[in-house]
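Worksheet: one structure, shown below.
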Amino acid sequence: MSSNPTYFNTVQELNDFLREVLIDNSILNTDRHLNCGQTKYISLKRSPTDKFLRSLKCEDLSCPPCRSDIVAKHIHKISDYISTQSDPPSRTLLITLTLSHSTQHPFKYLYDGIKSSISHMKNSYGWRKLKTDLKHRFHFDRIETKVSPHTGFNVHCHQVFGCDDNSISLTDLKPRIHSLWSKSLSHNKLRPVSPQYDVDIKEGDGFETYGLKQEQNQKMMESLKLKIEERFKPKRIKSTVMTKLSMSLRHEVSQMDYRSEDKRFKGNYKPENSITYSIGQLEGELMMYNLFPDYINPDFSREGIVKILKQIQETQRNHFYTKIYK
Ligand SMILES: [Zn+2]
């Protein structure tokens, strides 16, 4: 039996490896992308003989190592801002705004649509009134994308809202936010959304950095390593009970990580309609296709994943990740 090759051992190594996979599939395809991660000697104009080593970055949100740096920077920026508040807001609201969508909707249509709807909503009288009523202190939000083989791009906005009012209940807030969101969607000619599933609001505990997360983390790195190891196992299953047990556990772990169920739909849709993949998971699946020519993902073909990630890269390349609104 051949020994397993080691492609990565840390999240950073995984991100670097994924960048190569994305370049190999022409999702990252400019000179800037190709040079990302290289180091180069740069000299200053005023003293050309002094050269210093600089690592080049493409700073594209679709480039795993660059995206990881961008997300980390924002997580630090927001936690620094929160820690400087001598009198932190007494209430944290976690608001999720989504779009109604199907596989017919291209990513750009939904992404541009959600961005214009958010800015339309924030410019409305109703939103300003809501901010005043809630004694708004600051908020930040972020657009997240998941992809389902059955319903296409699930583009949604996670908002973390810090305020000082504790008298307005979630039951009263939800219809207000739903009404504002619906007006903004209709202004942007997007489909209406249901108050039950497409607007969510709940109380958070403190601030930390809700809603900001890395596409690739330690758990995903380990899970991908397991998936790769599985491929190098001999096909014949050893007959000891322990081996069977550990294999089924491993299988469960990798399935669990790779086909996350959308909790919003639990109990309302058939489970096969609620499978969603994060961008990080799709990148991991593309890596599996790259490494193993006979690899099959039950939900997406290799071409399907490349098409999805290309649409996301082309749409998102010049957009920011998040910012604090005071
Ligand atoms: Zn990069």
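Observations on the model:
- In plain terms, the residue of Y109, Y197 with the fewest other Cβ atoms within 10 Å comes first and the most crowded comes last, giving Y197, Y109.
- Rounded to the nearest 20, the size of the Cβ-charge dipole of the chain about its Cα centre is 460 debye, with Lys and Arg at +1 and Asp and Glu at -1.
- Relative to the longest principal axis of the Cα atoms of the chain, the long axis of helix 279-291 makes an angle of roughly 10 degrees.
- Burial ordering of F153, F138, fewest other beta-carbon atoms within 10 Å first: F138, F153
- Placing unit charges on the Cβ atoms of the charged side chains and taking the dipole of the chain about its Cα centre, the candidate lying farthest along the positive direction among P234, Q12, I70 is I70.
- Computed from Cα positions, the angle between helix 241-258 and the longest principal axis of the chain comes to roughly 40 degrees.
- Net charge dipole, region 125-182: roughly 120 debye, given to the nearest 20, about the Cα centre with Cβ charges of +1 for Lys and Arg and -1 for Asp and Glu.
- Magnitude of the charge dipole, region 11-55, Cβ model with Lys/Arg +1 and Asp/Glu -1, debye to 20: 460 debye
- Simple spin-label estimate for E230 and K51 in nanometres, 7 Å along Cα-Cβ: 4.8 nm
- The chain - Cys residues lacking any other Cys C-beta under 4.7 Å: C157, C163
- In degrees, nearest ten, helix 107-122 long axis to first principal axis of the chain (Cα): 30 degrees
- Global geometry of region 11-55, whether rounded, prolate or oblate, following the gyration tensor of its Cα atoms and the 1.5 cut on a/c: oblate
- Estimated inter-spin distance, D133 and S83, nm [label 7 Å along Cα→Cβ]: 3.6 nm
- Over the chain: helical MRE at 222 nm, DSSP H runs n ≥ 4 each giving -39500 (n - 2.57), nearest 500: -14000 deg cm²/dmol
Every read-out reported here was derived from the displayed coordinates using simple, explicitly stated rules and does not represent laboratory data. The shown structure was predicted, so the numbers you read here are calculated from the model rather than taken from an experiment. Using ideal geometry, Cβ is built from the backbone for each residue, glycine included, and neighbour counts are taken over all protein chains shown.
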